[in-house]
């Protein structure tokens, strides 16, 4: 008998500490993504919610198109479009109470706008003017996070602190499928589960981390299945079904607020546009794939449902489009105005109490600016 055969024959009984702490079955996601639109469950959906979601989807699509155009005009340095993912963006913003916090990634400017952030301020980071561009406390929207997944531990920390203080607050953290490959994702999930923090993780699985398909990132049955390894529920939802996403996120938020702990929600969606305006998506995916997802467009799905239920007519469509055009026109007008920038603002919001080194740098820059303003004679003194 070989050594391996000997080891295989030896099967000791594990000590009690090795036994599962909880039954993993309730934590596992459904085998198929949860859907509402096009099913019998749609008849139970609140008509006012459907109309509101539809209007926000149309508004969001126009916002994405206008922001993309601004990059071509040189008014934005870069824009990561969320065209095709508007259902996730809108649902994430609308499901939260005013006291809750949203933690977006760099692609989630639409979610910030739907939450109430000024569209110009939401794009300021991508313009290169400020690190954030808006007051996070005004709408309770954390700064847009360009590094992948770094916002997730921040969301857990805020949610945990709120619970310790007795505040009835939930944090909703958004991340892409590529962000789930980062260490910050693991740390956030583990801390959230161990601390039982009131936080909801929304993974927008749009198929690609830039050009890397999901199959090259994970061998898991779904990203939602990762939840069970941390001890939290996982949910799998059709990310283009705005009603389904809103419902699943709503349940997760209520679960967290009631003390049930965190939930991981994976929304299956698709990025219709390239990763950013600097990306050539044709190098790693075919047009047939994109066209297939256009048939499952979130606006198209909502229009079908509203029309079949007699909740959408030409006047309602026109009103939604006019509202979206007004948003785009205002965005164009204000983004085409050159901002007045003060170089001294570099030092304004670094530390509550500036360090000695920072004060020295501030004085040096002030002296250089004063000398430049004084002209050649002043510079030579």
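Bear in mind these aren't lab numbers, they're just calculated from the coordinates by the rules spelled out. Bear in mind that the values here come from a model prediction, so they are computed numbers and not experimental data. Every residue, glycine as well, gets a Cβ built from its backbone with ideal geometry; the counts of neighbours run over all protein chains shown.
Here is how the numbers come out for the structure above:
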{"read-out": "Calculated [θ] (222 nm, deg cm²/dmol) that DSSP helices of n ≥ 4 give over the chain, each run adding -39,500 (n - 2.57)", "value": "-14000 deg cm²/dmol"}
{"read-out": "Burial ranking of peptide ranges 162-168, 82-88 (average Cβ count within 10 Å, highest at the top)", "value": "82-88, 162-168"}
{"read-out": "Cα-based helix-to-principal-axis angle, 242-257 vs the chain, degrees rounded to 10", "value": "80"}
{"read-out": "C-alpha center-to-center spacing [the stretch 28-97, the stretch 127-206] in angstrom", "value": "20"}
{"read-out": "Alpha-carbon radius of gyration plus Dmax, which is the widest Cα pair, for the stretch 234-381 in Å", "value": "26.2, 78"}
{"read-out": "Cβ crowding within 10 Å averaged over residues, with 114-124, 37-47 ranked highest first", "value": "114-124, 37-47"}
{"read-out": "Least to most buried among 330, 288 (fewest other Cβ within 10 Å first)", "value": "288, 330"}
{"read-out": "Gain upon complete extension [residue 146, residue 283; 0.36 nm per residue less C-alpha separation]", "value": "47.0 nm"}
{"read-out": "Rounded tilt (10° steps) of 314-335 against the dominant C-alpha axis of the chain", "value": "50"}
{"read-out": "Antiparallel content of DSSP bridges confined to the chain, in %, to 5", "value": "10"}
{"read-out": "Relative contact order, percent, the chain [alpha-carbon distance under 8 Å, six or more residues apart]", "value": "22"}
{"read-out": "The stretch 318-364-the stretch 218-232 distance, computed between alpha-carbon centres (Å)", "value": "39"}
{"read-out": "Relative packing of peptides 308-317, 352-361 - highest average C-beta neighbours within 10 Å first", "value": "308-317, 352-361"}
{"read-out": "Cβ-based exposure ranking for 271, 21, in which fewest neighbours within 10 Å come first", "value": "21, 271"}
{"read-out": "Helix 151-165 vs. the chain, principal-axis angle (Cα, 0 to 90°, nearest 10)", "value": "80"}
{"read-out": "Value of Rg to Rh for the stretch 59-218 (Rh from inverse mean 1/r over Cα pairs, i.e. Kirkwood)", "value": "0.96"}
